[in-house]
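Written below as structure tokens is the structure these notes are about.
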């Protein structure tokens, strides 16, 4: 089965890239490349921030800077207007900071900036982002490795969770889940 959605995962850390390359090697619709997320041609960039839309550091800051500070303003306005001030982990939104550039899908991996190891937040965030991408008829989206920066998630955990999210959403594997116990990570204990 082939997915209509293409995902590029980019990072500047070669050890993260090596881990992701190994995890996604058998999925043709996913490319893992070294590079600056703001430089890719695509329908949308995906960034995984915090629930309040503060884009003051890391990949978020690079993306906001590339949109001349407009991305954070639009993300926070959308969070305020639509989500009553807080975008929960496992949800996502789309903004258009510049009509000549890709859209931005914002999908938090953490409520507030901090460590999130031993969570399924990278899975939940990418799952939400991919749903938004499909709902917007995006064909190619680009993101970085979720949770591997300030989040403190190991590249191995992030890659495995992001692979699961891609397979579940892009390949419609969610249709096979007929009981909550079959959901990804349903039986994982933290």
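Quick notes
- Relative contact order, percent, the chain [alpha-carbon distance under 8 Å, six or more residues apart]: 26 percent
- Note that region 86-135 carries a Kirkwood radius of 11.6 Å, evaluated over its alpha carbons pair by pair.
- Mean ellipticity per residue at 222 nm, deg cm²/dmol - from DSSP H runs of n ≥ 4 across the chain, formula -39500 (n - 2.57): -11000 deg cm²/dmol
- Extending 7 Å from Cα along the Cβ direction at residue 61 and again at residue 174 yields two label points whose distance is 3.4 nm.
- The ellipsoid that matches the Cα gyration tensor of region 119-161 has semi-axes, each √(5λ) in whole angstrom, of 22, 10, 8, with the longest given first.
- More than 16 Å apart - percent of Cα-Cα pairs taken over region 132-190: 58 percent
- Fewest neighbouring Cβ atoms within 10 Å first, the residues 140, 115 line up as 115, 140.
- Protection proxy ranking for 7-16, 141-150, 29-38, using the average of other Cβ atoms within 10 Å per residue and placing the highest first: 141-150, 7-16, 29-38.
- Whole-number D in µm² s⁻¹ for region 63-149, Kirkwood Cα-pair radius fed into Stokes-Einstein, 4 °C, 1.567 mPa s: 96 µm²/s
- Förster-model FRET efficiency, 35 Å R0, residue 82 and residue 27, C-beta, rounded to 0.05: 0.65
- Across the alpha-carbon atoms of the chain, the computed radius of gyration and Dmax are 15.3, 46 angstrom.
- Rule-of-thumb Rg ratio for region 17-126 [Cα; 2.2 N^0.38 Å; N residues]: 1.08
- Convex hull volume per residue for region 44-86, taking Cα atoms only, in Å³: 64 Å³
- Taking the Cα atoms of region 74-115, the ratio Rg/Rh between the radius of gyration and the Kirkwood radius comes to 1.00.
Values quoted throughout were computed directly from the atomic coordinates according to the rules given, and no laboratory measurement underlies them. For clarity, every value in this text was computed on a predicted model and none was experimentally measured. Backbone-built Cβ (ideal geometry, glycine too); neighbour counts: all protein chains shown.
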